[in-house]
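Here is the structure we will look at.
Nothing in this text is a laboratory measurement; each read-out follows from the coordinates by a stated rule. Just so we're clear, the structure is a prediction, and the values are computed from it rather than from any experiment. Here the Cβ positions follow ideal geometry from the backbone for every residue, glycine too, while neighbour counts run over all protein chains shown.
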Amino acid sequence: MFYAGDGVSDLSAAKETDLLFAKKGHDLVTYCVKQHVPFYEFEDWTTILTQVQSIVSGAKSVKQVSAEGVEAFTAALKA
């Protein structure tokens, strides 16, 4: 299951979904970092669409996209 959210109303779903998309700069990102919940940060729906299409087409796995999301977020923090 894919889930996209941005705030406190999304916390319960955050740990239950296979792939979480968290909106950049919002409370859900902070929660995920503190609770070590893997997520893929997004700014607009285009990002989500691109990643979901890559999974559905078989080009990437959910695990790969999730790992890429964590890596991208970590790299952005270091920049």
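Restricting attention to the stretch 1-60, report how many residues are outside any loop (DSSP other than H, G, I, E, B), closer than 21 Å to ALA76 by Cα and not hydrophobic (A, V, I, L, M, F, W, C).
So the answer is 13.
With the requirement that a residue be polar (S, T, N, Q) and either within 17 Å of ALA4 (Cα to Cα) or part of a helix (DSSP H, G or I) (or both), what does the stretch 61-79 give you?
GLN64, SER66, THR74
Cβ-Cβ distance below 7 Å, separation of 6 or more or different chains: which pairs start in the stretch 46-64 with a residue that is in contact (Cβ under 8 Å) with a residue 40 or more places away in the chain and end on one that is among the aromatic types (Phe, Trp, Tyr)?
ILE48/PHE21; ILE48/PHE42; VAL52/PHE2
Which of the residues that make up the stretch 1-21 are closer than 19 Å to GLU68 by Cβ and in contact with a strand residue (DSSP E or B) (Cβ under 6 Å, 6 or more places away or on another chain)?
PHE2, TYR3, ALA4, ALA14, THR17, LEU19, LEU20, PHE21
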